[in-house]
Structures are given as structure tokens and as C-alpha cells.
Amino acid sequence: MAISVYHDLASIPLFDEDLEHVAEGGPDPVRRLRQEMDAADAVLISTPEYNQSMPGVLKNMIDWMSRAAPNEVLQGKPVALIGASSGRWGTRLAQQATRHTLIATEALVMPSPMLFVANAPDLFDETGRLRDGPTKVSLQAVLDSLANWIDLVTPLRPGSGAS
Ligand SMILES: Cc1cc2nc3c(=O)[nH]c(=O)nc-3n(C[C@H](O)[C@H](O)[C@H](O)COP(=O)(O)O)c2cc1C
């Protein structure tokens with residue numbers, strides 16, 4: 001599995017319907033992300049938790065990607081959710097909120113396994129690499145399941161040709 005990490009969430013402007021018409025598909029960073037998502041077999045969202053929900057920047061990105069024009073890039077897209085926080089619940093509420101929002105986009109969100117990484121500062125080294133063995137195993141299980149999920153649901157995507 002090749003995973004391309006999207007580093008540019010900060011470049012996505014606050015959603016504004018007036019900006020959607022600047023050029024087809026909205027501002028450049030929005031168009032670029034939409035193209036990247038379109039080309040990807042799946043989207044893996046990794047989130048922290050802010051005030052018992054998803055961060056506003058994540059919701060903002062989903063709002064942009066949910067728009068019908070020029071294409072509803074999340075509709076029928078396989079999506080998996082993971083998250084890490086410094087707290088004890090490991091982003092349960094952030095992931096629940098994200099899952100809820102993704103229902104509206106008609107993304108095909110993988111139901112399990114879930115990965116809630118709690119007490120995150122203890123599990124990563126000083127360079128940010130995951131060093132905790134059990135969490136590595138859980139992450140691997142998520143990625144293995146995501147590969148299966150892609151195979152399972154891709155034929156259900158609009159325009160896939162499957163009956
Ligand atoms: C505004 C704000 C609110 C937060 N609220 C929560 C929360 O409700 N639950 C939680 O587990 N962590 C919360 N956190 C901690 C974050 O999930 C995360 O662990 C922390 O920002 C460290 O992220 P980093 O390791 O990416 O720097 C919050 C952080 C911020 C900045």
C-alpha cells in the first residue's frame with residue numbers, strides 16, 4: 001500500500017460559497033486536494049480531538065470536499081478513520097463526529113477495526129515516530145482492513161459499472 005500524506009490542510013480557506021465560483025472547483029488548494037482525493041483509492045483520516053469533537057479545520061475540509069461541483073469526490077469513496085490524543089479516550093468523540101459528518105457525504109466509511117490512540121505522548125519517540133508495539137499492530141490491522149475494504153466497496157461506487 002502506498003500512502004501519500006497530505007501536508008497542506010492549513011492552505012484550505014474557510015468554506016465560502018462565494019469562493020466556489022472563483023474558478024471551476026474553487027480556490028487552488030481546494031482543487032488540488034479534490035484532484036488528489038479523486039485519484040486515491042481511499043482516504044485515511046487521522047485526527048486529534050478538539051473539545052470533544054473533530055478539529056474545525058477537518059470539518060472545513062470535509063465541507064469543501066462534499067460539494068457537488070465539479071464532482072462529489074467523497075461520494076462512494078472508501079474512507080478509514082484513526083486518531084491520537086493526549087487524553088485517555090484517544091479521539092473517540094472526534095472520530096464519532098467525523099463519521100457522522102461523512103455520512104452526509106455518502107463516503108463509504110470502514111466500520112472496523114477502530115483505532116483510538118490514547119496517551120499519545122508516551123507512544124511516540126522525540127521525532128514523532130510511533131514506537132509502541134501494540135499500537136503498531138493495531139495500525140497494521142487498520143491498514144490491512146482498509147485494503148480489503150477498498151476491494152469490497154469500490155465496485156459499489158457510482159460509475160464503477162457494477163450492477
Ligand atoms: C483546543 C484543543 C482542544 C482539545 N480538546 C481535546 C479533547 O476534547 N479531548 C482530547 O482527548 N484531547 C484534546 N486536545 C488534545 C489534542 O487531541 C492533541 O492531543 C493535542 O493537541 C496534541 O496534538 P499533537 O500531538 O498533534 O501536537 C485538545 C487540544 C486542543 C488544542
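So here's what we get for this one:
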read-out	value
In order through the range 43-54: 3J(HN,Hα) via Karplus (6.51 cos²θ - 1.76 cosθ + 1.60), integer Hz, x for Gly, Pro	10, 10, 9, 10, 10, x, 10, 10, 6, 6, 7, 7
Residue-wise HN-Hα coupling along the range 89-97, computed from phi with Karplus coefficients 6.51, -1.76, 1.60 (Hz; x: Gly, Pro)	9, x, 6, 3, 6, 5, 5, 4, 5
Prolate/oblate/rounded call for the chain, Cα gyration tensor, a/c under 1.5 rounded	oblate
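No value in this document is a laboratory result; all are computed from the given coordinates. Everything numeric in this text was worked out from a predicted model, so none of it was measured.
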